[in-house]
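Trainee: Starting off with a structure, shown below.
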Amino acid sequence: MNTNPSDGEFGRRPEPPKPIVPKSASEALRPEQGTPPPKRTRSRASRNQFVVFLNFMLSLVILAVIVAGGAVYFGKREFEGPGPTTTAQTFMVKPGTGVQDIADQLERRGLISDARIFRLGVRAYGNDMALKTGEYEIKPGASMHEVMELLKSGKSVMYSLTIPEGLTVEQAFQRIAEQDALTGDMPATLPPEGSLATDTQRFMRGATRQQIIDKMLAHQKQLVEDIWDRRSPDLPLADINEFVTLASIVEKETGRNDERSRVAAVFINRLNKNMRLQSDPTILYGLFGGKGRPSDRPIYQSDIQKPTPYNTYVINGLPPTPIANPGKASLEAVANPSKTDDLYFVADGTGGHVFAKSLNEHNENVARWRAVQKKQAEEAAKAGETQGTTEGAPAPAAQ
């Protein structure tokens, strides 16, 4: 063991003290440089080009998802939000029209705000092939989603065509021809008088006139046959044509349901007694046919005795054909008339009729009606009215 004190601790000679180097004041105040941090080295994996590419692609995917999510959110909000319309409007989807054309037409009409969003929305809901042909009413402020559901539902705007009881076939055809929601030409020939149903037909725009007529013919045929099968067994009617003919006369004589069966009974009683029916509407049909009497043409006394195949003041029994299209109530009234002895009726001045069993009683009723007519004429003259017509109640039945 070395115990030489000159060798220092552990046998090493101590270094001589370093000389003190004086510094200037500025050098003494200057901060000393710290120990620099250890130098980092990138891992070999992070420097791999494939990893760099994957990181880039992941960033793109995340960005795309964010953009797509935003687009879906704002597109859905636009698709579900209120639409631009402020008034109800109709929109027609023609057969064979695709989603793109529908969307473009809706946008041009101002019914939706963006055709592209509507198209994408329809496809997102899987309704590309679900939009149906028809005419639709789009409500004010309807969203694109509501428009899509409406076109998908097929609930088209329905139009109505009403043929009132008592119109002739020719008059009914005129109304059908004038309905502009229907398409197609009218038939070249008229069907038989009395063969059209007197009710309201419902249809979509684009239905043909022939379809409506065929439907009315079928309905009336079925109605007449059903009621004829339930008729009273003792009617003095030879066949179903006479049945419809008498019903058409009842239809023209009264518009009140509460007295149809009693009016029918008068004519049934007359037929049973071989009396002429003497119905004013048959005079008019014999003179003017299916066109009807012109509104400015009065009935003259001489018309009553003009010989035509329809004038029941001249002919015996029923006319050869109906004189109008009878409704269900008149058909029912003739099939099952009231059980009365009435042979006459005349207007009572209140919209109805007063009935009589004898000619004397009937003539009294006629006198009262003439008095009512005279009073009405005087009141009209006082009011300055100048109407002059002899049409009113049926003429008194002949003896």
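Trainee: Can you tell me how much longer the chain between Tyr125 and Gln49 gets when fully stretched, taken as 0.36 nm per residue apart minus their C-alpha distance, in nm with one decimal?
Mentor: Contour length minus Cα-Cα distance gives 23.1 nm.
Trainee: At 1.4 Å probe size, with every protein chain present, just tell me what the per residue accessible area of segment 54-182 comes to in Å².
Mentor: I get 57 Å² per residue for segment 54-182.
Trainee: Express the carbon and sulfur contribution to the solvent-accessible surface of segment 175-306 as a percent, rounded to the nearest whole number, probe 1.4 angstrom.
Mentor: 47 percent
Trainee: I would also like to ask the following. Just tell me which lysines come within less than 26 Å, Cα to Cα, of Lys306; anything on the same chain fewer than 8 places away is out.
Mentor: Lys306 reaches Lys252, Lys273, Lys291.
Trainee: How much accessible area per residue does segment 189-335 have, in Å², with a 1.4 Å probe?
Mentor: Value returned for segment 189-335: 45 Å² of accessible area per residue.
Trainee: Between Asp229 and Leu287, what is 0.36 nm times their sequence separation minus the Cα-Cα distance? Round to one decimal in nm.
Mentor: So the extension gain works out to 17.6 nm.
Trainee: Still on this model: For a quick check of your reading of the filter: which trypsin sites (Lys or Arg not before Pro) in segment 197-244 sit in a DSSP loop and have no more than 14 other Cβ atoms within 10 Å?
Mentor: Counting only loop positions with at most 14 other Cβ atoms within 10 Å, the trypsin sites (Lys or Arg not before Pro) in segment 197-244 are Arg230.
Trainee: To the nearest Å, what is the center-to-center distance of segment 203-230 and segment 277-307, using C-alpha atoms only?
Mentor: Using only Cα atoms, the two centres lie 29 Å from each other.
Trainee: Modelling each spin label as a point 7 Å along the Cα-to-Cβ direction, I'd like the Met158/Val372 distance in nm, to one decimal.
Mentor: Label-label distance for Met158 and Val372, simple model: 4.0 nm.
Trainee: Please compute the length gained on full extension between Asn241 and Ala88, using 0.36 nm multiplied by the number of residues separating them and subtracting their Cα-Cα distance.
Mentor: 50.2 nm
The values are calculated or read from the model by the stated rules, or taken from the named source; none is laboratory data. Computed from a predicted model, the values in this text were never measured in an experiment. Glycine gets a Cβ as well: all are built from the backbone with ideal geometry, and neighbour counts include every protein chain shown. Note: accessible area is taken over every heavy atom of the protein model, side chains too, but ligands, DNA and RNA are not part of it. Shrake-Rupley method; radii C 1.70, N 1.55, O 1.52, S 1.80 Å.
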